[in-house]
Protein chains: 2
Amino acid sequence: MKKIIAAFFEAFLTKNLSSHQKRIMKAIIINIGDEILIGQIVNTNAAWMAGELNVYGIDVLSMITVSDEKEAIVNAVESAICDADLVLMTGGLGPTKDDITKKTLCDLFGDELEFHQESFDNIARILLQFGREPDDRYRIQAMMPKNAQILINKMGTAPGMWFEKEGKIVVSMPGVPKEMMYLMSKKVLPILQSRNIIQEIVHITFICYGKGETDLSEMLESFELSLPPYIKLAYLPNTGNGYIRLRLSGRGNDRKELEDELKLKSEELKLQLGNLIFGMNEESLENALSKILLEKNLSLSIAESCTGGKIAHKITSIAGCSKYFMGSVVAYSNELKIDLLGVNPETIQKFGAVSEETVIEMAIGAKKRFKTDYVISTSGIAGPDGGTEAKPVGTIWIAIAHPDGVLSKKLKLGNLRERNIEMTSNIAINTLRLLLLNELKEDLKPTY
Amino acid sequence: MKKIIAAFFEAFLTKNLSSHQKRIMKAIIINIGDEILIGQIVNTNAAWMAGELNVYGIDVLSMITVSDEKEAIVNAVESAICDADLVLMTGGLGPTKDDITKKTLCDLFGDELEFHQESFDNIARILLQFGREPDDRYRIQAMMPKNAQILINKMGTAPGMWFEKEGKIVVSMPGVPKEMMYLMSKKVLPILQSRNIIQEIVHITFICYGKGETDLSEMLESFELSLPPYIKLAYLPNTGNGYIRLRLSGRGNDRKELEDELKLKSEELKLQLGNLIFGMNEESLENALSKILLEKNLSLSIAESCTGGKIAHKITSIAGCSKYFMGSVVAYSNELKIDLLGVNPETIQKFGAVSEETVIEMAIGAKKRFKTDYVISTSGIAGPDGGTEAKPVGTIWIAIAHPDGVLSKKLKLGNLRERNIEMTSNIAINTLRLLLLNELKEDLKPTY
């Protein structure tokens, strides 16, 4: 087997990476996992990895998914290092699967395992987060190939392994998406870049809320046309929460120059989109709101009906929220709306629990009770049942009590319960964010 | 090239499908598409196809994604028909890509193209739906391999093609998911089944909570040993909520017989695990709790501190919850714990907000206020900051007020905020579920 690989290396020696010339690298992605092969999970790793490689100017020749078996792994890797410069593997590294991939790669590269203290320390550190200590099994997991570069994985117990021989690179990573993403972003791509074998790349990612992709692309049409060929604007896929992520990427040989140019373009982009942009990278709306509340030293409470605690959950998912968040009432029953929030029984009787009048009284009642500067309240028909002709499923009212009064808004959503709850929560949080930024002008109102 | 394939066929002749014996078919999935290789779209086709094949008892050996180029397609198909009985291909059949895959497969199978009236009629029918008529370009699209079986595609203009030679089957389908799904469900799988070459398969999936995979596998050791070779028990991956899904799968020739036998084995499994099993298929703990509350006509309210609304959100994610769920207070501040839940200020001062005493008073206070049969309350340090030596991050108390008193429980979790909130919510809901089932025996207590 080693002989075959040596032959492959030989054949590629003429155009290997040590030539220091920047050329298009060719990569093959190998995902190991029976759970993918039985259709239990969708292979999102391959798409994410390919997207990143694409941004770095590395071509992906093929993606292959194989089972957790030695023969399948060997065949895939042997064939891949024949065709590509860079082979990126995920999976086959769990505590039970540990041996297969690691040993297979050791055989393939003529390497052997030895105890790796740094890997063991990392395992111990991670177990500690769960209140556990590493036993002997973990000493086995910390056995690593002697000659490979070990890529310590802050997100999990299995490190990445970087094998290299005569210009061919094989990197093995865990299959858990967040661990793979960490290793790719923080280790693999930076190493490739530091060796100056791929071009410099600079990204700036903005997150927007309140308009769809089509609207945004219309708003940005002339901006996109103004970009030089080495700067690209990409719309990253929506993850189901209505956020739209826009990524500006520049490629070139001079990092400083690129960064300066991207900064200028970012300013133009911000001018175009204004407060449709709420943050950078992985930020959430509740994160953006949290920053404003802290900065302005304001307090918040919530009175939820149809969102059933989802807004409170989002707000309290931010560490340190106790500085501005007092609490929430999930007043699902009319009794609670009356008893805890002081809604007038006649209001409910006359206009219904799902009405502008009720949602406003909920906000006012919570403001009195909780003594906070701001209150978000919601009341609606989340579905799938409970609608009438006058108030179909998806009819939802939100209100925001502020120091000078109450603002209210009617939403007409669909009939998917989970989606209605998620959308209402995001729209409510975003509406308060815009209000606090004095930006609740008509053209910036979420258009739902 | 044809010679190589002939040799492959030769090698497989001994165990080919014409022997009419039901054996495990082996399949390879090939997805053609540059948009997958640059990470623009996630390859959901492969997962869906693999899931269907799995249900029909066909093993997927590997999945490979290659580019829209002749050489890449030829290599992938040649290699696949060497290893598998059935090669399922998607993509490379669009109006612009049409020629590549079709011509490549014609070459590979020594076939040639001829005009295919039925395909042309189908194209005409589909164009008519958009108010258009087929022009000459569509006569080219309707050129089909002479010896292949053409699978008319009601969902689009490109039909599927079924090539077969000496027991090896290669099926080419369009890459548009709904078209591929139509051809798979309505043509490919029924043809395979009608030929009686694939086995019947029956699945039963249970979901458990309260013990880890290792504990469950120990409990089920003798059960697993008792299974006949055609019935398998699989542990499906945890999706981050601590649920463990167990799938019993049986394969055989007689569906009725299989179903009966699986039912018996399911009963044995249920006996072994008792109320560690909370549901079937995709059910959630809140779903299981909902059923019990409805059945027993009981009401519930919640008083959350550290879980910040997550429990209320879970409960209200179930449609129809308003029949038993009154509401929740998220009492993040001490003021709210005192004001809304009637916690004694001295209790908080003496024992702290995170204490058995406080969480019990929260539950009792909520029970009085909400007048419900049951209350769940939580108070803890979700992290990542706010811990002390005596009460480190991850110290969380839950209490359940019931008609006869209050039950309380201390959890020692880790320092990951999101995870602590999720785990506490699930443990609390599960504890109430077990209490309602009169099953809160020591050995069934969640062991965290």
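The values are calculated or read from the model by the stated rules, or taken from the named source; none is laboratory data. Predicted model only: the values in this text are computed from it and were never measured. Reconstructed Cβ throughout: ideal geometry from the backbone, glycine too, with neighbour counts over all protein chains shown.
Being more than 22 Å from B:GLU35 (Cβ to Cβ) and either in the same structural domain as A:HIS402 (by TED's automatic domain parsing) or over 22 Å from the mean Cα position of the chain (by Cα) (or both) narrows it down to one residue among A:LEU258, A:LEU276, A:LEU269; which is it?
None of the others qualify; the one that does is A:LEU258.
Out of the strands (runs of 3 or more DSSP E) lying entirely within the stretch A:132-249, which hold 2 or more residues that are charged (D, E, K, R) and without any contact (Cβ under 8 Å) to a residue 40 or more places away in the chain?
none
Would you mind finding the one in B:GLY51, B:GLY39, B:GLY57 that is touching an Asp or Glu at 6+ places or on another chain (Cβ under 9 Å) and within 7 Å of chain A (Cβ to nearest Cβ)?
B:GLY39
If you scan the stretch A:342-360, which residues turn out to be more than 17 Å from A:THR307 (Cβ to Cβ) and in contact (Cβ under 8 Å) with a residue 24 or more places away in the chain?
Within the stretch A:342-360, A:GLY342, A:GLY352 meet the criteria.
Would you call A:GLU335 over 28 Å from the mean Cα position of the chain (by Cα), modelled with pLDDT under 95 and not in a loop (DSSP other than H, G, I, E, B)?
The answer is yes for A:GLU335.
A quick yes/no check of all residues on (1) modelled with pLDDT of 95 or more; (2) not hydrophobic (A, V, I, L, M, F, W, C):
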| residue | (1), (2) |
| --- | --- |
| A:LEU294 | yes, no |
| A:SER301 | yes, yes |
| A:HIS313 | yes, yes |
| A:GLY320 | no, yes |
| A:ASP339 | no, yes |
| A:ASN344 | yes, yes |
| A:THR347 | yes, yes |
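Anything in the stretch A:406-427 that is assigned to a helix (DSSP H, G or I) and surrounded by fewer than 16 Cβ atoms within 10 Å (Cβ to Cβ)? List them, or say none.
A:GLU418
Taking A:LYS265 as meeting all but one of (1) buried (at least 16 other Cβ atoms within 10 Å of the Cβ); (2) among the basic types (Lys, Arg); (3) out of contact with any helix residue (DSSP H, G or I) (no Cβ under 9 Å at 6 or more places or on another chain), write down the number of the exception.
With respect to (1) buried (at least 16 other Cβ atoms within 10 Å of the Cβ); (2) among the basic types (Lys, Arg); (3) out of contact with any helix residue (DSSP H, G or I) (no Cβ under 9 Å at 6 or more places or on another chain), A:LYS265 is out only on (3).
So if I check each of A:VAL393, A:VAL359, A:VAL375, which one is part of a helix (DSSP H, G or I), assigned by TED's automatic domain parsing to the domain that holds A:SER290 and within 34 Å of the chain's Cα centre (by Cα)?
Result: A:VAL359 is the single residue among A:VAL393, A:VAL359, A:VAL375 that is part of a helix (DSSP H, G or I), assigned by TED's automatic domain parsing to the domain that holds A:SER290 and within 34 Å of the chain's Cα centre (by Cα).
Which one of B:ARG419, B:ARG369 is among the basic types (Lys, Arg) and under 33 Å from the mean Cα position of the chain (by Cα)?
B:ARG419
For a quick check of your reading of the model, give me the residue pairs whose first member lies in the stretch A:263-282 and is in contact (Cβ under 8 Å) with a residue 24 or more places away in the chain and part of a helix (DSSP H, G or I), whose second is polar (S, T, N, Q) and surrounded by fewer than 14 Cβ atoms within 10 Å (Cβ to Cβ), with beta-carbon atoms closer than 9 Å and at least 6 apart or on different chains.
Short answer, once both residue conditions are applied: A:LYS265/A:SER226; A:GLU268/A:SER226; A:GLN272/A:SER222.
Is it the case that the stretch B:107-117 has a residue that's within 12 Å of B:ALA142 (Cβ to Cβ), surrounded by fewer than 16 Cβ atoms within 10 Å (Cβ to Cβ) and charged (D, E, K, R)?
yes
With the requirement that a residue be closer than 25 Å to B:SER317 by Cβ and crowded, with 17+ Cβ neighbours inside 10 Å, what does the stretch A:324-337 give you?
A:PHE325, A:MET326, A:GLY327, A:SER328, A:VAL329, A:VAL330, A:ALA331, A:TYR332, A:SER333, A:ASN334, A:LEU336, A:LYS337
Would you check if B:SER79 is modelled with pLDDT under 90 and polar (S, T, N, Q)?
Taking the combined requirement at face value, the residue does not satisfy it.
Only residues in the stretch A:392-403 that are at positive phi count as the first member; pair them with residues that are in a loop (DSSP other than H, G, I, E, B), Cβ under 9 angstrom, at least 6 apart or cross-chain, and list the lot.
A:GLY394/A:ILE381; A:GLY394/A:ALA382; A:GLY394/A:GLY383; A:GLY394/A:GLY387; A:GLY394/A:LEU413; A:GLY394/A:GLY414; A:GLY394/A:ASN415; A:GLY394/A:LEU416
Could you run through the stretch A:417-448 and say how many residues are modelled with pLDDT under 85 and not charged (D, E, K, R)?
5
For the condition over 32 Å from the mean Cα position of the chain (by Cα), more than 10 Å from chain A (Cβ to nearest Cβ) and hydrophobic (A, V, I, L, M, F, W, C), what is the one hit in B:VAL329, B:VAL354?
Exactly one residue qualifies, and that residue is B:VAL354.
Is the stretch A:190-203 home to any residue that is surrounded by 18 or more Cβ atoms within 10 Å (Cβ to Cβ) and over 18 Å from A:ARG251 (Cβ atoms)?
No: the stretch A:190-203 contains no residue that is surrounded by 18 or more Cβ atoms within 10 Å (Cβ to Cβ) and over 18 Å from A:ARG251 (Cβ atoms).
Can you name the residue in the stretch A:83-116 that is among the β-branched types (Val, Ile, Thr) and at pLDDT below 90 and, of all such residues, is farthest from the chain's Cα centre (by Cα)?
A:THR104
Given the criteria of a type in the set (Gly, Ala, Ser), assigned by TED's automatic domain parsing to the domain that holds B:LYS291 and within 24 Å of B:LYS211 (Cα to Cα), does B:GLY414 qualify?
yes
Could you list all residues from the stretch A:231-262 that are buried (at least 16 other Cβ atoms within 10 Å of the Cβ) and over 27 Å from A:ALA47 (Cα atoms)?
A:GLU261
Just give me the residues in the stretch A:166-194 being polar (S, T, N, Q) and within 15 Å of the chain's Cα centre (by Cα), in sequence order.
A:SER185
Considering each residue of the stretch A:301-323, count those that are in contact with a helix residue (DSSP H, G or I) (Cβ under 6 Å, 6 or more places away or on another chain) and crowded, with 23+ Cβ neighbours inside 10 Å, and give that number.
The number of residues fulfilling the criteria is 12.
Anything in the stretch B:299-319 that is assigned to a loop (DSSP other than H, G, I, E, B) and facing another protein chain (nearest Cβ under 7 Å)? List them, or say none.
Selection gives B:GLY308, B:GLY309, B:SER317, B:ALA319.
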